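As structure tokens, the structure follows; a few thoughts come after it.
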Amino acid sequence: MQNKQSGNSEFNDLSYKNIIDGADIGTWVWNFQTNKITYNEKWASILGYTLNELKPLNTDTWKKLAHPDDVEKVISSLNNYLDGKSEYYECRFRMKHKEGHWLWILDKGKIITDENNGEAKIMTGMHLDVTEKMQLQEDVMKQTAFQKLLLKIASTYINVNLDEVDSIIQQSLKEMAEFVHADRAYIFSYDFQSSSTSNTFEWCAEGISPEIDNLQLLSMDSVPHWVSKHLRGQPLYIPDVNALPDDGPLGLRAILEPQGIQSLITIPMIHEDDLLGFVGFDFVRDPYELSEKEITLLTLFSNMLVNIQDRKNKDLKLNSFLSITQNQNEKLKHFAHILSHNIRSHSSNISMILALISDEYPELHEFQLIRLLNTASDKLSETIRHLNKVILINTSSPEKLTSLNLHDIIEHTIRTLSYMAKNEGVTIENNVPSDTIVKGVESYLDSILMNLITNGIKYCSDERESYVTLYIEEVNNHLVICVEDNGLGINLEKNRDKIFGMYKTFHEHPDSRGIGLFITKNQIEAMGGKIEVESEVGKGSIFKIYLPHDEYK
Amino acid sequence: MMNTSKTCIIDDDEIFVIVAKKIMKVAGFSEEVTNFKNGKDAIDFFRENITNATIIPDMVFLDLNMPLMDGWDFLDALDQLDLPKKVKVFIFTSSIDPKDEKRSQDYSIVERFIEKPLTMQKLKLISESEETES
């Protein structure tokens, strides 16, 4: 911007001046000799003034209009340049517009030196209004920060414990409110059955009085604007209460103005088409204009609130189901004990009476009915004994599992059953390695093996050499005890559901009670295992006992 | 099976009491058998006759589940008394809970835990062990 004919007028080149005037650029020229400064008309009009209005025009004129916090920054930038530390002068600072708002000004300048002696003569500079650009930058930064905050809140929501949900909602309300500089943040729930709405959460900035206690079970009719907007799934957003039309004593303005609210936004909380309530922010001290993006992010926040409350409700429901189940389970246990105890008392009385009768009147035994009565009484006692066994397995506190040598237990069982096996012509083979250790309850394991092997002997086939073989398998880290026979087999298509049921028998046999497999299953389950069966009629069966897998060799 | 002792049955089950008394009579188990229908009546009797060693029974057949005062409460109350002679308690119960048997072992006065029904066989066992003791 050097001017060869510089003298009284710094801008004697008219076309040059025109370009600058047309480009919305304010200019200033500072003469070091006179310490006078001249501004063009644009310099003033950027700020909403005419040059005339700003008189007297001197080197301090800009200072009067600059933001007090920014003055020092301008001076130090200028000094940096004058001291030769930068190639040109450049500074962004705020200046006050005539209408009261602040503008961001980009100020740039350079010294023009005397060609003859190289002395600094004048400094020229220009002002550009960069408010929009700065605003844009600020918006982007703010949105990024906003998204970060939401992300942070979302991550705290994910792993929150049920009993912390309320305090975490409270905390996030505060964070959101502080971020948008709201003075009050709150959540309301709608109850369409009673047509009322209640304030459930509230956060207030310092000096703002809480209202939550006054805002319980309000009739929905008192806030029609809220309800109708929210029912449509839209936020109710009032950027400036003072700009609202005066719409009567029941109008929106009449509600908000007495509360000193300047701006307000309330966002519906919707879960699967159900309007649950809304989250809202009040701006009391200053009005606040929310960008579209900010409203979107607040809506996201409202969705997060819906989700966390939904999760809490589901958890609560689950817990109550759980406690109902536990309760019922306890009742059933209690019932089973009472039942078994009471039935036992009566049946033992009957057997005592019968014993006494046959003792006192031995001749009565001649009567068939008396004999039948004795048989019935014995069977009743036996049934009750079975029942009690099952009840005990299922209701007593779990027995401690100990390490047991499976091979030895099987050997012992085989010895016990050797007579029976020999009679029926069944070979029993123990193929379990001698160092196999399982975790279990010894008496249960005894009873399980006894029962399964006995079944294999009882239901052997007459058509072939019968065997019962015991071996182990490893399935997905489970130790599986297999009891295989080539006996009669069971039709599983018909009986899969019944095979481990109570009082189910599948073959005619004088000793069939239909209780063995039922007890076996209960005992295995009481040890934390499970039982499966493979069987084919005429070929045989394999019973597989899965035991808890930890620490077996 | 001859015994000159006094036995007391504490049980709310009338049938059990009647039948047990008959079985004891047939077996000649005890010279005198009394009964109370709950622990409360029994402990009151014990308290009233605490100094009278001839009236206090030698053996008590005790049920566990009873109204007013159950078998456990009776045992606790009995524990507080300064008995004039040795009394042996046999628990007779329909309970199948192993916890009950375990709990009965905490009482030194309890001689044995026996499941109902009462049979000649069980009576025989009791009096045999009594005889070997005395």
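The values are calculated or read from the model by the stated rules, or taken from the named source; none is laboratory data. Here the structure is a predicted model, which is why all the values come from computation and not from measurement. A quick note on method: Cβ atoms are made from the backbone with ideal geometry, for glycine too, and the neighbour counts reach across all protein chains shown. We work out accessible area using only protein heavy atoms, side chains counted, and drop any ligands, DNA or RNA first. Shrake-Rupley method; radii C 1.70, N 1.55, O 1.52, S 1.80 Å.
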Quiz item: For the range A:346-359, which residues satisfy the criterion of being more than 60 Å from the chain's Cα centre (by Cα) and more than 7 Å from chain B (Cβ to nearest Cβ)?
Solution: A:ILE350, A:LEU354, A:ILE357, A:SER358
Quiz prompt | Enumeration of residues in the range A:319-335 that are in contact (Cβ under 8 Å) with a residue 40 or more places away in the chain and more than 33 Å from the chain's Cα centre (by Cα) | solution = A:LYS333
Exercise. Go through the range A:204-293 and tell me which strands (runs of 3 or more DSSP E), entirely inside it, have 2 or more residues that are over 24 Å from A:ASP139 (Cα atoms).
Key: A:263-271, A:274-283
Practice problem: Mind listing whichever residues of the range A:171-188 are open to solvent by 60 Å² or more (accessible area, probe 1.4 Å) and of a type outside the set (Lys, Arg)? | Solution: A:GLN171, A:GLU178, A:HIS181
Self-check item: Enumeration of residues in the range B:90-116 that are within 14 Å of chain A (Cβ to nearest Cβ) and touching a residue at least 24 places away in the same chain (Cβ under 8 Å)
Solution: B:ILE91, B:PHE92, B:THR93, B:SER94, B:SER95, B:ASP100, B:ARG103, B:ILE114, B:LYS116
Quiz item: Could you list, in sequence order, the residues of the range A:302-345 that are touching a helix residue (DSSP H, G or I) at 6+ places or on another chain (Cβ under 8 Å) and either within 14 Å of chain B (Cβ to nearest Cβ) or under 25 Å from A:ALA376 (Cβ atoms) (or both)?
Solution: A:LYS333, A:ALA336, A:HIS337, A:SER340, A:ILE343, A:ARG344, A:SER345
Quiz item: Among all residue pairs at least 6 apart or on different chains, which show Cβ distances below 6 Å where the first residue, located in the range A:489-518, is more than 16 Å from A:GLY540 (Cβ to Cβ) and the second is open to solvent by 60 Å² or more (accessible area, probe 1.4 Å) and modelled with pLDDT of 80 or more?
Solution: A:PHE500/A:LYS521
Quiz item: Only one of A:ASP107, A:ASP114, A:ASP83, A:ASP69 is touching a helix residue (DSSP H, G or I) at 6+ places or on another chain (Cβ under 9 Å) and not basic (Lys, Arg); which?
Solution: A:ASP107
Quiz item: If A:ILE343 passes every condition in (1) among the aliphatic types (A, V, I, L, M); (2) farther than 30 Å from A:GLU178 by Cα; (3) exposed (fewer than 15 other Cβ atoms within 10 Å of the Cβ) but one, which one does it miss?
Solution: (3)
Practice problem: Please specify each residue of the range A:189-224 satisfying the condition of being open to solvent by 50 Å² or more (accessible area, probe 1.4 Å) and at positive phi. | Solution: A:GLY207, A:LEU217
Quiz item: Taking helices (runs of 4 or more DSSP H) that do not extend beyond the range B:34-134, which have at least 3 residues that are open to solvent by less than 40 Å² (accessible area, probe 1.4 Å) and touching a Gly at 6+ places or on another chain (Cβ under 9 Å)?
Solution: B:71-80
Exercise. Determine which single condition A:HIS337 fails, assuming it passes every other condition in (1) assigned to a helix (DSSP H, G or I); (2) within 16 Å of A:ALA182 (Cα to Cα).
Key: (2)
Self-check item: In the range B:117-127, the residues that are more than 13 Å from the chain's Cα centre (by Cα) and either within 14 Å of chain A (Cβ to nearest Cβ) or modelled with pLDDT of 90 or more (or both)
Solution: B:PRO117, B:THR119, B:MET120, B:GLN121, B:LYS122, B:LYS124
Exercise. Name every residue in the range A:314-338 that is hydrophobic (A, V, I, L, M, F, W, C) and surrounded by 15 or more Cβ atoms within 10 Å (Cβ to Cβ), in order of residue number.
Key: A:ALA336
Exercise. Could you please tell me which pairs satisfy a Cβ distance under 6 Å, a separation of 6+ or placement on different chains, a first residue in the range B:61-85 that is within 20 Å of B:ILE18 (Cβ to Cβ), and a second residue that is small (Gly, Ala, Ser) and crowded, with 18+ Cβ neighbours inside 10 Å?
Key: B:LEU62/B:GLY71; B:ASP63/B:GLY71; B:LEU64/B:GLY71; B:LEU64/B:SER95; B:MET66/B:GLY39
Quiz item: Got a number for residues in the range A:383-435 being in a helix (DSSP H, G or I) and within 14 Å of chain B (Cβ to nearest Cβ)?
Solution: 13
